[in-house]
2 protein chains.
Amino acid sequence: MEANVVASGICSGTQQLRTVGGREPLVWKFGGTSVADHDRLRAAAKRMVAAQRAGHDVVAILSAMGTSTDALSAMAYEMSARPPLRELDALLSVGESVSCALASMAVADLGSHAVSLSGPQAGIRTDDNHGNARLNDIEPVRIREALADGSIVLVTGFQGMSESGDVTTLGRGGSDASAVAVAAALGARECEIFTDVPGVFTADPRIVPDASRLDRIRHEEMLEMAEAGAAVLQPRAVELAMTHGINIHLRSSFSTEDGTWIGQAEGRFEARGTFDVTGIAHRRQESLYGVRDVEASEVAAALAARGIAMGTAVPRAGGLLEFTAPGVGAPETTAALDAMEIPAKVNENLSSLAVVGLGIGRRPDIIAHSLAALRAAGIAPRLVTTMPGRVSVLVDPSLLEEAVRVLHATFIPVAPDPRLMVGPAA
Amino acid sequence: MEANVVASGICSGTQQLRTVGGREPLVWKFGGTSVADHDRLRAAAKRMVAAQRAGHDVVAILSAMGTSTDALSAMAYEMSARPPLRELDALLSVGESVSCALASMAVADLGSHAVSLSGPQAGIRTDDNHGNARLNDIEPVRIREALADGSIVLVTGFQGMSESGDVTTLGRGGSDASAVAVAAALGARECEIFTDVPGVFTADPRIVPDASRLDRIRHEEMLEMAEAGAAVLQPRAVELAMTHGINIHLRSSFSTEDGTWIGQAEGRFEARGTFDVTGIAHRRQESLYGVRDVEASEVAAALAARGIAMGTAVPRAGGLLEFTAPGVGAPETTAALDAMEIPAKVNENLSSLAVVGLGIGRRPDIIAHSLAALRAAGIAPRLVTTMPGRVSVLVDPSLLEEAVRVLHATFIPVAPDPRLMVGPAA
């Protein structure tokens with residue numbers, strides 16, 4: 001790697017700037033399915049060693065193997081109905097320690113050297129909210145030392161250390177978030193996230209056979225897709241990437257093909273084209289709940305006590321209040337209301353889907369076309385919400401897949417497009 | 001300016017990278033009130049000359065003087081009830097030509113040299129949508145040549161040239177957008193926008209005396225504030241700045257104090273603090289309209305025909321459909337529906353306000369606190385909508401100002417904060 005590089009031109013997300021006198025490491029993350037068994041761990045180790053032999057410093061953040069974290073959780077709840085959260089974190093964090101230690105052994109077997117570091121050892125500092133800790137800071141001292149020693153570094157994802165010196169787990173989206181945070185702390189401009197899908201698609205390819213893998217997508221677009229239900233990457237990690245200027249390469253660990261680059265936008269002024277709609281995201285369950293003679297503030301407070309964010313709240317005649325709680329299941333939502341003795345019922349089981357694209361909130365043509373296309377297919381929206389980055393519609397669940405296909409056909413060209421890769425069947 | 005700069009460290013929005021061998025010009029924009037009369041024009045010219053004498057290249061994009069564009073528009077409609085749009089643009093564009101030519105004369109009087117360029121001369125290329133043209137590309141050849149000659153360059157804002165060689169005006173937000181676009185085309189990382197307010201405040205200071213000027217704010221936060229009604233900067237310009245990596249310095253032309261920097265985020269991982277809520281934005285008019293036995297798709301289409309984006313649409317019992325059209329007045333909205341022979345009435349005249357902050361959609365605590373604070377003040381929301389970057393509430397217009405003050409008091413600390421500048425009274 002060049003030790004001294006003169007930067008020319010304007011710094012953009014796609015240009016790599018090396019710290020003068022230093023090297024920018026590769027920062028990779030492997031998800032649970034990508035390290036699910038010994039074969040997968042060896043395959044990951046092979047990639048790391050190959051990269052190291054090509055001259056790169058490699059830092060890999062690993063998830064626990066397969067569904068081992070769920071198994072650990074089950075063990076905890078078998079032991080106690082109310083396990084102390086500190087101890088629960090001490091238990092759950094071992095999953096990542098296992099995968100990192102095994103991966104380190106695999107690297108050694110390949111003739112190279114790797115050091116596994118726990119979250120605390122890697123300098124990942126969090127608050128003390130066990131089970132849902134937030135990343136406060138990262139001081140990657142030991143990571144840098146190990147790299148300087150010529151080692152590949154394996155870091156346990158999903159965890160960190162609180163100020164009181166205890167292991168904390170990061171909650172939903174924590175693995176991807178910790179990987180992006182480590183990249184930021186190391187001054188890397190990119191973070192590769194290896195997962196079990198080939199990238200981000202214009203719609204769920206299991207519903208839309210014509211869906212194509214996106215070659216590149218902006219942070220803000222990915223955020224909207226994720227917020228609207230596309231589960232491939234959590235908003236939390238995307239937000240971190242956005243604020244720290246990190247480009248994420250989301251790709252399959254089961255292939256050598258490029259995936260989707262999620263990063264800073266390319267400038268295009270205001271020229272319109274086929275890129276105005278990024279894709280169609282959906283969520284199978286988005287219920288419409290109803291309460292009577294209860295105020296929106298009470299509902300929001302009951303939901304917040306369980307960490308649930310209210311979506312839209314619509315007061316109706318006769319003291320009825322209808323509301324949504326996107327991204328959270330009905331049992332969890334009604335339980336939150338029960339806990340505050342608010343009798344709630346699911347008025348309607350619905351699904352949501354969204355046409356995602358930056359600035360769609362100011363594109364009346366796209367809003368109108370979305371609804372016209374659904375209407376032509378006989379699909380009546382139960383609620384329409386326009387947001388800056390998407391127009392979202394609630395529909396009857398039996399019509400969801402058809403609705404997704406209809407909107408995809410309306411907005412996403414099927415013919416090859418420079419911005420789209422060919423779909424998964426190719 | 002250094003002709004060759006070795007970049008050290010990680011490129012961030014706050015570091016200036018100069019093109020190796022070139023210079024990055026200052027790109028300024030002066031709004032209508034900032035060039036409203038000869039004295040203001042001279043004041044602007046003085047700033048430009050001072051900067052040039054300090055060694056900078058200066059490009060200034062000017063709006064028309066004061067409300068002269070409105071006066072020109074009135075002249076057009078006095079001449080014809082339906083003026084051809086091409087001719088309307090040819091007429092309206094003279095306003096900026098006047099201010100730029102006068103400013104150039106003022107610069108000459110100060111002993112320096114300035115060249116005024118129209119949008120077409122400056123290489124600003126648009127589509128042919130007269131009155132609402134979109135920026136396709138900018139080739140700043142003459143701007144560069146004039147700078148190389150040692151001139152200050154004055155560019156007419158709000159206009160460009162269509163492919164057929166006609167002057168086009170850019171529509172709402174076009175002045176700020178053209179300035180940001182020129183900055184991008186010249187490789188500048190910053191654009192200073194001089195206006196008649198000292199910056200972006202945590203709420204409208206005319207409603208909230210405690211409101212403070214924000215020292216810096218992220219692009220995404222400004223976008224949310226603007227979408228939610230904060231009129232100081234149009235979403236269009238902010239989006240352009242975001243996609244082109246331009247930091248905007250929004251400041252008063254009547255003072256030498258720093259204003260608000262709108263740009264790339266500083267990394268803070270996930271640490272919480274007082275920065276979670278950016279501010280409170282509001283919109284005085286956001287009506288709730290009602291139609292009967294008409295589908296949401298028909299309403300959206302009627303609105304789209306007039307360039308109006310539907311907000312939220314709520315089907316109710318008995319064939320009633322309620323909807324909003326944020327940012328557009330009731331006369332315009334009902335006219336759009338009349339044009340399609342859809343009888344619409346304003347069900348309720350309402351106002352909207354929003355608690356703005358990145359990721360608020362996933363902050364149930366902020367959502368709950370917002371509603372609780374309003375409830376404690378006896379303010380019942382007519383509709384609650386949660387979006388990724390804000391929670392928005394419709395209220396009775398007579399309660400709007402109280403609601404804004406209540407929410408500001410709830411979320412924005414009054415004590416001096418490193419991130420906030422002292423409010424306008426200081």
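The values are calculated or read from the model by the stated rules, or taken from the named source; none is laboratory data. Everything numeric here is computed off the predicted structure, so don't read it as measured data. Note that we place each Cβ from the backbone using ideal geometry, even for glycine, and neighbour counts take in every protein chain shown. These area figures cover heavy atoms from the full protein model, side chains too; ligands, DNA and RNA do not enter into them. Shrake-Rupley method; radii C 1.70, N 1.55, O 1.52, S 1.80 Å.
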Fill in the blank from the handout: By the DSSP-based rule, helices of chain B that are at least 15 Å long along the axis (C-alpha) and have a mean Kyte score of at least 1.0 are B:94-109, B:174-185
Exercise for the section: Rank A:351, B:391, B:412 by how far each Cα sits towards the positive end of the charge dipole of the protein assembly as shown (+1 on Lys, Arg Cβ; -1 on Asp, Glu Cβ) and give me just the farthest. Expected result: B:412
Completion exercise
Measure of exposure for residue A:312: accessible area at 1.4 Å probe, Å² rounded to 10, is 10
Exercise for the section: Please build a GNM for chain B, connecting alpha carbons under 10 Å apart, and tell me which residue among B:148, B:44, B:325 fluctuates the most. Expected result: B:148
Practice task
Take every DSSP beta bridge whose two residues both sit in chain A, then give the antiparallel share in percent to the nearest 5.
Solution key: 60
Fill in the blank from the handout: With the 8 Å Cα cutoff and a minimum separation of six or more residues, chain B has a relative contact order in percent of 13
Handout entry: Within 10 Å of each Cβ in B:370-382, the average number of Cβ atoms from other chains
Key = 4
Completion exercise
Between the modelled labels at residue A:139 and residue A:402 (7 Å from Cα along Cα→Cβ) the distance in nm is 6.1
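State the antiparallel share, in %, of DSSP beta bridges confined to segment A:101-255, rounding to the nearest 5.
If we restrict to bridges inside segment A:101-255, about 40 percent are antiparallel.
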Fill in the blank from the handout: In cubic angstrom per residue, the convex hull of chain A built on its Cα atoms measures 158
Fill in the blank from the handout: Note to self: Kirkwood Rh of segment A:143-292, Cα pairs, one decimal, Å, is 17.2
Exercise for the section: Using a 10 Å cut-off on Cβ to Cβ distances, tally the other chain neighbours for every residue of B:235-245 and report the average as a whole number. Expected result: 5
Problem - Portion, in percent, of the accessible area of chain B that falls on carbon or sulfur, probe 1.4 Å - result: 52
Fill in the blank from the handout: About its Cα centre, segment B:182-299 carries a charge dipole, from +1 on Lys and Arg Cβ atoms and -1 on Asp and Glu Cβ atoms, whose size in debye to the nearest 20 is 240
Practice task
For segment B:293-343, just say rounded, prolate or oblate: build the C-alpha gyration tensor, square-root its eigenvalues into a ≥ b ≥ c, call rounded for a/c under 1.5, and beyond that prolate if a/b exceeds b/c, oblate if not.
Solution key: prolate
Fill in the blank from the handout: Rounded to the nearest 0.05, FRET efficiency between residue A:231 and residue B:335 (Cβ-Cβ, R0 41 Å) equals 0.45
Practice task
State, as an integer percentage, the relative contact order of segment B:132-235 based on alpha-carbon contacts under 8 Å between residues 6 or more apart.
Solution key: 21
Completion exercise
Computed for the protein assembly as shown: size of charge dipole around the Cα centre, +1 on C-beta of each Lys and Arg, -1 on C-beta of each Asp and Glu, debye to nearest 20, value 500
Completion exercise
Between the modelled labels at residue A:128 and residue A:82 (7 Å from Cα along Cα→Cβ) the distance in nm is 2.0
Fill in the blank from the handout: Rounded to the nearest 500, the 222 nm mean residue ellipticity computed for chain A from DSSP H runs (n ≥ 4, each -39500 (n - 2.57)) alone is -10000 deg cm²/dmol
Completion exercise
About its Cα centre, segment A:40-82 carries a charge dipole, from +1 on Lys and Arg Cβ atoms and -1 on Asp and Glu Cβ atoms, whose size in debye to the nearest 20 is 280
Exercise for the section: In whole angstrom, note down how far apart the Cα centers of segment B:273-311 and segment A:120-155 are. Expected result: 45
Handout entry: Dipole-positive endmost among B:79, B:193, B:107 within the protein assembly as shown (Cβ charges, Cα centre)
Key = B:107
Problem - Probe 1.4 Å - accessible area at residue A:63, Å² to nearest ten - result: 10
Problem - Computed over segment A:368-411: relative contact order in percent, which uses C-alpha pairs under 8 Å that are six or more apart - result: 42
Practice task
Enumerate the lysines that residue A:29 could reach by cross-link, defined here as Cα to Cα under 18 Å, with residues fewer than 8 away along the same chain left out.
Solution key: A:46
Problem - Spread of Cα-to-Cα distances over 5 Å intervals beginning at zero, given as percent, for segment A:319-397 - result: 3, 13, 21, 19, 15, 13, 9, 5, 1
Handout entry: Most mobile listed residue (A:48, A:310, A:222) in chain A, GNM with C-alpha springs under 10 Å
Key = A:310
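What's the ranking of A:281-291, A:108-118 by average number of surrounding C-beta atoms within 10 Å, highest first?
Descending mean neighbour count gives A:281-291, A:108-118.
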Practice task
Just check the protein assembly as shown against the gyration tensor rule for me: Cα atoms, a ≥ b ≥ c as the square roots of the eigenvalues, rounded for a/c under 1.5, and otherwise prolate or oblate depending on whether a/b exceeds b/c.
Solution key: oblate
Handout entry: Area of residue A:306 that stays accessible when all protein chains are in place (1.4 Å probe, Å², to 10)
Key = 130
Completion exercise
Of B:170, B:250, B:320, the most mobile residue in a GNM of chain B (C-alpha springs, cutoff 10 Å) is B:320
Fill in the blank from the handout: Counting only DSSP beta bridges fully inside the protein assembly as shown, the antiparallel percentage to nearest 5 is 60
